[in-house]
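Taken together, the values in this text are just the output of simple stated rules run on the coordinates, not laboratory data. Since the model is a prediction, treat every value here as computed from it, not as a measurement. FYI the Cβ positions are ideal-geometry reconstructions off the backbone, even for glycines, and counts take in every protein chain you see.
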Amino acid sequence: MGAKAVTALTDSRLAANQVNGSFEVRDQRMGKYVKMVKQLVGSFGQFTIKQISRSENKRANALSKLASTCFDHLSNKVLVEVLRERSIDEQQVNALSRAGPTWMTSFWEYLQKGVLPDDHGEARKIRIKAPSYAMVNGELYKKEFTTPWLNCVDQAKGREMLQEAHSGQVGAHVGAQALTGKVLQMGVYWPTIQQDAIEMTRKCGECQSYAPVQAKPRCHCITYPDPWPFYQWGIDIVGPFPEAPGKLKYMVVAVDYFTKWIEAEPLACI
């Protein structure tokens, strides 16, 4: 719009003072907004932000309430723009790195080129397990007789799928056996899927916090041999304590085994 001098009015004392630098920014999300505002301020010749009372900000409050209403009744003169994403959201770009050999590499080389590992034991395992796998369009699949073939993935990608199925947007925090079946139904496979599912469910904090409370006692139950109250007592002397009036610094304590009744008497000496 070509504006060089801008004055912003807000009824939020927190927002105004954080931009001016009078208040300390402690919230991480609020800090991103303040950082973006300061970057935009540099494009103006003059910028000030002031706090006003809510009574003086009626027009802005009326516009803000449009976000929770339907826009069908508004005329064409009212321009409404819906922001699908927050202005502070940043796109994360992951650096591409060449993946190293995985558990599928030996099967790829054997099924495509007939190459076996130098280790005799590993070569024997590959020859025995190879008939259970097949190459389709350059991808490795695990053969199944009663279900569709499973697409083989590496362990890192498989753990990501386990995490999403366990605690993602559609996750239900199910047990390891149900989690394994849920991922297999998605059509993927890797050899350590069961062990990875058990390890993930054990490390899940929410699963441990809301797990059923064990009613089993921590130790064996001890039966009391006392048939009636005050039949058997336990007596002991404790101390020395800091000296009290009368040079009392010991105590003899008696406890009834059945009712847990306590009797205590201070002593000057043992």
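For this structure, a couple of remarks:
- In segment 194-212, the residues that are of a type in the set (A, V, I, L, M) and either closer than 30 Å to Y257 by Cβ or in contact with a Leu (Cβ under 7 Å, 6 or more places away or on another chain) (or both): A197, M200
- Residue within segment 162-177 that is more than 21 Å from S106 (Cα to Cα), over 19 Å from the mean Cα position of the chain (by Cα) and not acidic (D, E) present: yes
- Qualifying position, being without any contact (Cβ under 8 Å) to a residue 24 or more places away in the chain, surrounded by 11 or more Cβ atoms within 10 Å (Cβ to Cβ) and in a loop (DSSP other than H, G, I, E, B), among E160, E144: E144
- Residues (surrounded by 10 or more Cβ atoms within 10 Å (Cβ to Cβ), assigned to a loop (DSSP other than H, G, I, E, B) and in contact (Cβ under 8 Å) with a residue 40 or more places away in the chain) located in segment 5-48: D11, F44
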